[in-house]
Amino acid sequence: MTQSLPRHIAVIDIGKTNAKVVLIDAASETQLGGLSRPNTVLRDAPYPHADVDGLWDFVLDSLGRLHRQHGVDGISITTHGATAALIAGDRLALPVLDYEYDGPAASDEAYDRARPKFDETLSPKLPNGLNLGAQIFWQSRAFPEDFARVTSILTYPQYWAWRLTGVLASEVTSLGCHTDLWAPDSGDFSALVDEQGWRGLFPMIRPAASILGAIRPDIATLTGLAADTPVTCGIHDSNASLVPHLGRRAAPFTILSTGTWAIAMTVGGDTAQLDQMRDSLANVDAFGRPVPTARFMGGREFDALVDKIVEPTEADLTSVIERDVQALPTFAPGVGPFAGKKGRWTAAPDGLSDGERTAAASLYLALVARECLELCGLGETITIEGPLARNGVFAAALAALAERPVHASGDGTGTSLGASLLFGGQPAHEQHDSPIAPLTHPGFSAYAQRWRDRVTG
């Protein structure tokens, strides 16, 4: 990079559940401020879709506020995957489809004939619209007149970068996250893209860390930001969690990025153990390299299991383990290493205290996470990013199950620091403390074995 590193970097972070704009001080790697709002799905015609107008208003308002409070010198972008904007000229040809909508399943039979094999894309068949290729395939057939007007297909981070700068771009971390659109080993679009005639709709591929340009003049006027404020191309959110670690530590190492999804990625791992029937796949990192990955909807499942989060006491944990209170997968149907199973408790959850229920749910997440690590490979170290880094029972249980050093990241959002580093430079500080002490309860090993016997039997 020839340009100087911006001092204060605003990160637009659009997760599946919440959207945030946070301001990172590049020198101290600390968060100076931030605003958030729910990422609401609109249910009106023609299908459930992202509230891009509401998000845009929120982004502009947040940038203006953060600039008035601290000053904004650069903007970086990270978003969830499995989402694309179909552009017709200077506007959307169709609304941005919500990937949890089951409409694309209507094209399943035809799409199954069209989609490439797993060994080409390392992308398993997923439900609803979680394969981005399935979304585009369905939209092209369900709305042929609208699709005929499409001039560009933009993955989601690059859609927001385009709205800020007017520059069209594609980027590999979003193209390579279980989309069926990308062939990681060859570093090119998959056969599906050419066979469907879509290649010309994808703009030129740019590195996530490239500067697309400055904000448009009207954005500068609306927010008060300087007219030359630079904007990065942007990155898929799970891959943003990898950025602070790439080139910093010896491979293989595992990053567990958590939020709505819990996504385990082993940099330097072997893709040979991936199982397309168990929601494991290869992501593509910011340098275009395949990264074996396994995931489940950890945040979504925790919300389904726990009514009121209460920090468990030792007595709560002992009660759950000794009474063999277990949650069995899965409470987010269709995804994760046990996608075909239906979640249940071994004991009536209504009879548990809030602390016991929180403890049981935390142990459940650790047990499922350990299964994911069998699929994507165990790194020499495991770093937890995001909300689960603050869950002590989860982290201690995972450390006991994995028998590897487990660290909790110091970056509370799990993605913001990584996205800010797209402007260049390296993190100056370690992002975690000493390894977390493994859970030493004498009954936990047998508890874990009983859980695995139940879910595999």
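We did not get these values from a lab; they are worked out from the coordinates using the rules stated. All figures in this text were calculated on a predicted structure; none of them were measured in a lab. Glycine gets a Cβ as well: all are built from the backbone with ideal geometry, and neighbour counts include every protein chain shown.
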About its Cα centre, the chain carries a charge dipole, from +1 on Lys and Arg Cβ atoms and -1 on Asp and Glu Cβ atoms, whose size in debye to the nearest 20 is 120
Length gained if Asp44 through Glu380 is fully extended, taking 0.36 nm per residue and subtracting the Cα-Cα distance, is 116.2 nm
Once phi for every residue in segment 197-205 is put through the Karplus expression 6.51 cos²θ - 1.76 cosθ + 1.60 (θ = phi - 60°), the whole-Hz ³J(HN,Hα) values, with Gly and Pro written as x, are x, 9, 3, x, 8, 8, x, 4, 6
Of the candidates Trp198, Leu23, His8, the farthest towards the positive dipole end of the chain (Lys/Arg Cβ +1, Asp/Glu Cβ -1, centred on the Cα centre) is Trp198
HN-Hα couplings for segment 311-327 via Karplus (6.51, -1.76, 1.60; θ = phi - 60°), in whole Hz with x for Gly/Pro, come out as 4, x, 8, 4, 5, 4, 5, 4, 4, 5, 6, 6, 8, 6, 7, 9, 9
For Asn131, the residues 5 or more places away or on another chain with a placed amide H closer than 5 Å to its own amide H are Leu126
Expected sort for 47-56, 235-244 on mean C-beta neighbours within 10 Å, highest first, is 235-244, 47-56
Counting only DSSP loop positions in segment 327-389, the chymotrypsin sites (Phe, Trp or Tyr not before Pro) whose Cβ has at most 12 other Cβ atoms within 10 Å are none
Which of [x] 35, 27, 20; [y] 39, 25, 21; [z] 32, 29, 22 gives semi-axes √(5λ) of the Cα gyration tensor in Å as computed here? It is [x]
Taking r as the C-beta separation of Ser186 and Thr17 and R0 as 30 Å, the FRET efficiency to the nearest 0.05 is 0.30
Applied in sequence order to segment 223-232, the curve 6.51 cos²θ - 1.76 cosθ + 1.60 (Karplus, θ = phi - 60°) yields integer Hz couplings, x standing for Gly and Pro, of 9, x, 5, 4, 5, 9, 4, x, 10, 7
Net charge near Leu192 (other residues with Cβ under 13 Å of its Cβ; Lys, Arg +1; Asp, Glu -1) is -1
Per DSSP loop assignment and a cutoff of at most 16 other beta carbons within 10 Å, the chain keeps its longest run without exposed GluC sites (Glu not before Pro) at 101-379
Long-range amide H partners of Arg344, meaning residues 5 or more apart or on another chain whose placed amide H is closer than 5 Å, are Leu328
Here, chymotrypsin sites (Phe, Trp or Tyr not before Pro) of segment 125-165 satisfying both criteria (DSSP loop; at most 14 other Cβ within 10 Å) are none
Restricting to aspartates and glutamates and to Cα separations under 18 Å from Lys20, and discarding same-chain partners fewer than 8 apart, the set is Glu29, Asp51, Asp53, Asp57, Asp61, Asp73, Asp237, Glu385, Asp411
Final fewest-first order of Val306, Val172 on the 10 Å Cβ neighbour count is Val306, Val172
Of all trypsin sites (Lys or Arg not before Pro) in segment 274-352, the ones in DSSP coil with at most 16 other Cβ atoms within 10 Å are Lys308, Arg323, Lys341, Lys342
Spelling it out for Ile384: with amide H atoms placed in the peptide plane at 1.01 Å from N, the residues 5 or more places away or on another chain with amide H under 5 Å from its amide H are Leu256, His407, Ala408, Ser409
